[in-house]
Amino acid sequence: MNSIEAKIKQLRDELNRHNYNYYVLNQPTIGDMEFDFMMHELEDLEKAHPEFADPLSPTQRVGSDISQGFQQVLHERPMQSLGNSYSIEEVQDFLRRAKDGLGGEPVQIVGEMKYDGTSISCTYENGRLVRAVTRGDGVRGDDVTANVITIKSVPLQLQPGDWPEKFEVRGEILLPWASFERLNKEREFNEEPLFANPRNAAAGTLKMQNSAEVSRRGLDAYFYFMLGDNLDTSGPSLFSENDFSTHTGRMEALKKWGFKVAEHTVLDSIDAVKDFIDQWDVERKNLPIATDGLVFKLNSLRQWLNLGSTAKSPRWAIAYKFAPERECSPLQFISFEVGRTGVITPVANLEPVLLSGTIVKRASLHNEDIIRQLDIHEGDYLYVEKGGEIIPKIVGVDLKRRPADSRPIEFVSTCPVCGTALTRVEGEAAWVCPNKYGCKPQITGRIEHFVARHAMNIDGIGEEVAVQLHENGLVENIADIYSLKGNDLLRLEHFQRKASDRILSGIRKSLEVPFERVLFAIGIPFVGETTAKVLARNVHNIDRLMEMTAEELATIPEIGPKIAESIVDFFSNEGNREIMERLRQAGLQLSLSEEELASRTDKLAGKKIVISGVFAKHSREEYKAMIEQNGGKNVSSISSATSYVFAGENMGPAKLEKARKLGIPIISEDEFLAMIE
């Protein structure tokens, strides 16, 4: 080993150790700056010496933006699910059945948390992660190794120890509460559907095709099961310090090797089990991750083998599920909040209450109709629930505690910010402030929307900065962003040079954002990302769009009268036309590029295509772009209106069967490429 290779190995070992200290032990021994310096040094060495590349290097945890399909992999051993219980009596029945199955032999019980995430199986050989596979159908799952590598609490190289040559460890991939709330805040800001709970968010993130985005989201992992063909179940010996004869022994071994393992407690009686349930029914609310119950296992691996499993679940373990969380809290007041498009949303402000690990103080009531349906009065005690849906939801009123003289909540008739009389769109539940260009939340909301990640992606301008920019007279409309100078930004409260430089860099990069995203970013009501793509593909430039009538717009596929009228109304405002001219002068892309125009055809015009499976020649996202470039439309579900099903490897059997039943043509990768040649 030469000096360069030795240095690279040293840096990798040190960084792996510091990752373990920080993400597993929560006991960092160096500061962020020193860690970043070591990481940059390793990145530079690996770039200069690609012959020493290693896919498990700490530098690879950032992920890649190159898309990849998922290969399906057979599990070496089936991944079963646990049977459920909902009461201490059902846990007692489980223990009685286990003892009967063992001929009355005494059992030792282990209790641990049941994490609410998505199951994963990781295989290690010679101390290195070689494969990570989802549960799938229990027999086979998706190989998501490239994404799991980005999770910093998953060891890529084990800590020194007496680990087996090959073994499998199973656990749960989770999205911590803090990451979940940050992600949902981003999605709300970008007007994307919110994730209902961290479990759905973790599962969706793990199956993303972009491992760089997986890394950014901040997944975590806890492990609770170790198995392998050559694990000695007889206990510690002269030749091994490990106790693989018990579940707790295996968990302690995993802990030594660098895994974050489920907290586990040995329980010596049914009374101890009940106390464990009562303890965690309260304490779980303070955990940084989502849980939905407990798991009780026998501790002896010999007893596991003797009891075996049913077709669905093991006989040596059972899950205990907590009831959905629900609390009753006094209503302090209803606030009426103005969104970017002027919609007024009523929000119940409650006395703070702890639900599923977070303090709940507010819950949306959505619109006036919901307030009427729930019959909410001033001073009411409201039931707020999370259950499987993590977004707090008002589900009822405790009528017994209603004050005798309380009055029904009245919806506001004027905008709570600018005082303009509200209007109600016919056929809709929402009340709207029509003062689009003079109402402060609508102005700052448009700024936030414009700079969002799926729009112009100007890093550093969030909700607070948008408000500061507006209140300080620096940004009255989105065009003003392109007049900002470094000294302007440094005038803002708590602003340093680094933050200013980041925003200015983002503004410069935004000049390269393609026309379809600019069209989405300018904030025409009812023009979302998909509609913006359709418009860009059909009108080619902003000048033509500004001059089109509602009748002309309505002839474009997928542009109905409502969207057409909204576009015409938007550009009938002289102020919006002036903004477009200023954006043009700033250098924004207000037309399709010559390259984009040259690559567009009508070969798939009017065709609705469902794409499914894993592909060899291009990624799924690249094929979706090709469909749109050639005039087709990507659709997610198969129906009688579907033109083709574009099928790759491992396409789901249900989709395949539905396509055949409806007589929809199924085309291969080569057939699709031939269609667009």
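The values are calculated or read from the model by the stated rules, or taken from the named source; none is laboratory data. What you are looking at is a predicted structure, and each value in this text was computed from that prediction instead of being measured. No Cβ is skipped: glycine too gets one built from the backbone with ideal geometry, and neighbour counts run over all protein chains shown. For accessibility, only protein heavy atoms count, side chains too; no ligands or nucleic acids. Shrake-Rupley method; radii C 1.70, N 1.55, O 1.52, S 1.80 Å.
List the pairs whose first member sits in segment 651-677 and is among the β-branched types (V, I, T), whose second member is part of a helix (DSSP H, G or I) and surrounded by 13 or more Cβ atoms within 10 Å (Cβ to Cβ), and whose Cβ atoms are under 6 Å apart, counting only residues at least 6 apart or on separate chains?
I666/A659
Just give me the residues in segment 581-636 being over 26 Å from the mean Cα position of the chain (by Cα) and under 22 Å from Q72 (Cα atoms), in sequence order.
A616, K617
Give segment 13-36 a look and list any residue that's open to solvent by 70 Å² or more (accessible area, probe 1.4 Å) and either of a type in the set (D, E) or at pLDDT 85 or above (or both), or say none.
D32, E34, D36
So which strands (runs of 3 or more DSSP E) stay within segment 240-344 end to end and still have 1 or more residues that are open to solvent by less than 30 Å² (accessible area, probe 1.4 Å) and farther than 18 Å from E112 by Cα?
Per the criteria, 326-338.
May I ask you to verify whether L583 is over 30 Å from G141 (Cα atoms), touching a residue at least 60 places away in the same chain (Cβ under 8 Å), in contact with a strand residue (DSSP E or B) (Cβ under 7 Å, 6 or more places away or on another chain) and open to solvent by less than 50 Å² (accessible area, probe 1.4 Å)?
Against the criterion (over 30 Å from G141 (Cα atoms), touching a residue at least 60 places away in the same chain (Cβ under 8 Å), in contact with a strand residue (DSSP E or B) (Cβ under 7 Å, 6 or more places away or on another chain) and open to solvent by less than 50 Å² (accessible area, probe 1.4 Å)), L583 does not qualify.
Report the residue count in segment 631-647 for those that are surrounded by fewer than 19 Cβ atoms within 10 Å (Cβ to Cβ) and in contact with a Ser or Thr (Cβ under 7 Å, 6 or more places away or on another chain).
Of the residues in that region, 2 qualify.
Just need a number here: residues in segment 317-349 that are closer than 19 Å to V282 by Cβ and at pLDDT below 90.
Qualifying residue count, segment 317-349: 7.
Matching residues to (1) over 25 Å from R217 (Cα atoms); (2) under 29 Å from the mean Cα position of the chain (by Cα); (3) of a type outside the set (S, T, N, Q); (4) at pLDDT 70 or above:
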{"residue": "L56", "(1), (2), (3), (4)": "no, yes, yes, yes"}
{"residue": "S64", "(1), (2), (3), (4)": "no, yes, no, no"}
{"residue": "F70", "(1), (2), (3), (4)": "no, yes, yes, yes"}
{"residue": "V73", "(1), (2), (3), (4)": "yes, yes, yes, yes"}
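Which pairs do you get when a residue that is free of Cβ contacts under 8 Å to residues at least 12 places away in the same chain, found in segment 482-499, comes within reach of a residue that is among the polar types (S, T, N, Q) and open to solvent by less than 30 Å² (accessible area, probe 1.4 Å), reach meaning Cβ atoms under 7 angstrom, with the pair 6+ apart or on two chains?
Hits for this filter: L490/S500.
Filter segment 350-385 down to the residues that are closer than 23 Å to E188 by Cα, assigned to a loop (DSSP other than H, G, I, E, B) and not aliphatic (A, V, I, L, M), then identify the one that is modelled with the lowest pLDDT.
G357
Out of segment 311-327, which residues are touching a residue at least 24 places away in the same chain (Cβ under 8 Å) and of a type outside the set (K, R)?
Within segment 311-327, S313, P314, W316, A317, I318, A319, Y320, F322, A323, P324, E325, E327 qualify.
Sort through I676, I627, I664 and tell me the only one that's open to solvent by less than 20 Å² (accessible area, probe 1.4 Å), β-branched (V, I, T) and closer than 25 Å to R537 by Cα.
I627
Taking E551, is it open to solvent by 30 Å² or more (accessible area, probe 1.4 Å) and either in contact (Cβ under 8 Å) with a residue 24 or more places away in the chain or in a loop (DSSP other than H, G, I, E, B) (or both)?
no
Among residues belonging to segment 598-623 that are part of a loop (DSSP other than H, G, I, E, B) and of a type in the set (A, V, I, L, M), point out the one that is least open to solvent (accessible area, probe 1.4 Å).
Filtering segment 598-623 for residues that are part of a loop (DSSP other than H, G, I, E, B) and of a type in the set (A, V, I, L, M), the one least open to solvent (accessible area, probe 1.4 Å) comes out as L604.
Kindly provide the set of residues from segment 538-548 that are surrounded by 20 or more Cβ atoms within 10 Å (Cβ to Cβ) and either in contact (Cβ under 8 Å) with a residue 24 or more places away in the chain or on the phi > 0 side of the Ramachandran plot (or both), ordered by number.
I542, L545
Go through the residues of segment 567-579 one by one and say whether even a single one is more than 30 Å from V475 (Cα to Cα) and out of contact with any helix residue (DSSP H, G or I) (no Cβ under 9 Å at 6 or more places or on another chain).
no
Among the residues of segment 386-404, what is the count of those that are of a type in the set (D, E, K, R) and modelled with pLDDT of 90 or more?
Selection size over segment 386-404: 4.
Select, from M1, M39, the only residue that is of a type in the set (A, V, I, L, M), modelled with pLDDT under 85 and either under 15 Å from T150 (Cβ atoms) or part of a helix (DSSP H, G or I) (or both).
Criteria check complete, one pass: M39.
Quick one: which of V527, V568, V534 is open to solvent by less than 50 Å² (accessible area, probe 1.4 Å) and either part of a loop (DSSP other than H, G, I, E, B) or at pLDDT 90 or above (or both)?
Residue meeting the stated conditions: V527.
Going by the conditions given, is V347 assigned to a strand (DSSP E or B), touching a residue at least 12 places away in the same chain (Cβ under 8 Å) and closer than 23 Å to R424 by Cα?
When the stated conditions are applied, V347 passes them.
Does E168 satisfy the condition of being surrounded by 16 or more Cβ atoms within 10 Å (Cβ to Cβ) and at pLDDT 85 or above?
Judged against the criteria, E168 is a match.
Given (1) out of contact with any Asp or Glu (no Cβ under 7 Å at 6 or more places or on another chain); (2) under 26 Å from E165 (Cβ atoms), identify the lone condition not met by S85.
With (1) out of contact with any Asp or Glu (no Cβ under 7 Å at 6 or more places or on another chain); (2) under 26 Å from E165 (Cβ atoms) applied to S85, the lone miss is (2).
Any residue at all in segment 405-415 that is surrounded by fewer than 20 Cβ atoms within 10 Å (Cβ to Cβ), under 19 Å from E337 (Cβ atoms) and of a type in the set (A, V, I, L, M)?
yes
Going through segment 444-475 one residue at a time, which ones are of a type in the set (D, E) and open to solvent by 30 Å² or more (accessible area, probe 1.4 Å)?
Matches in segment 444-475: D459, E463, E464, E471.
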